[in-house]
């Protein structure tokens, strides 16, 4: 059996004045990216919201893949965190 080659890419996740470069694959879900960010921002995935900053701002769906949501290599994504019931 041949292994399918993964298309490695990275996205830039911005939070305040910090940018995280996350290596990922187009077939990964938004939830998977949030799990990678968990150790970096010390916030569980449920407290994170990722927003694709393209021509229009799109909130990324946890259950969909990056490819499904048109997130491409070198995309810029904003990270917001929930505090109680409010997104900051």
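What follows draws every value from the coordinates through simple rules; no lab data is involved. Computed from a prediction, not measured in an experiment: that's the story for all the values here. Using ideal geometry, Cβ is built from the backbone for each residue, glycine included, and neighbour counts are taken over all protein chains shown.
Annotations for the structure displayed:
- Spacing of the two label points (7 Å from each Cα toward its C-beta) at residue 67 and residue 18, in nm: 3.1
- Kirkwood Rh (inverse of mean 1/r, distinct Cα pairs), the range 9-87, angstrom: 12.4
- Ranked by how many other Cβ atoms sit within 10 Å of their own Cβ, fewest first, the residues 80, 56 fall in the order 56, 80.
- Counting only alpha carbon atoms, the long axis of helix 30-41 and the longest principal axis of the chain meet at about 60°.
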